[in-house]
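Notes follow once the structure below has been shown.
FYI, it's all coordinate maths here, none of it is from the lab. The model shown is predicted, which means the values in this text are computed figures rather than measured ones. Cβ sites come from the backbone with ideal geometry, for glycine too, and all protein chains shown count toward neighbours.
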């Protein structure tokens, strides 16, 4: 293999661009909103009861959460989607009357937000199957 040199030139543009990149002022971090997930998703709290909707790409589903104290919460969903009935998690949805189901979780969520995220993930996974 042979190389033929066709010409040479000074590559100042690349060096100047690299110097500018290094001399850029430091980036300013953007502070994250410090609202809990349940508030970001539009849930409302009145006393020990939270009301709102579990929101997924496949639809929104009414829900309620009862704060029982000491980081113990009971999660409910109204009219769970049919897709959930075809999953192994359906046995965790216990009918409580008036189209309302209590959601039993094997691992108790530490807070309202993580419980909402868990139920939204269950619904999303049910539709993906």
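Brief remarks on what is shown
- Looking only at the stretch 25-39, residues that are under 20 Å from the mean Cα position of the chain (by Cα) and either part of a loop (DSSP other than H, G, I, E, B) or on the phi > 0 side of the Ramachandran plot (or both) come to 7 in all.
- Taken over the stretch 43-62, the criterion of being closer than 17 Å to residue 125 by Cβ and over 15 Å from the mean Cα position of the chain (by Cα) is satisfied by 61 alone.
- Here 85, 99, 129, 107 are screened, and the one residue that is surrounded by fewer than 15 Cβ atoms within 10 Å (Cβ to Cβ), over 17 Å from the mean Cα position of the chain (by Cα), more than 15 Å from residue 52 (Cα to Cα) and touching a residue at least 24 places away in the same chain (Cβ under 8 Å) is 129.
- Check on residue 64, closer than 14 Å to residue 50 by Cα, without any contact (Cβ under 8 Å) to a residue 24 or more places away in the chain and touching a strand residue (DSSP E or B) at 6+ places or on another chain (Cβ under 7 Å): no
- Any chance residue 121 is exposed (fewer than 13 other Cβ atoms within 10 Å of the Cβ) and part of a helix (DSSP H, G or I): yes
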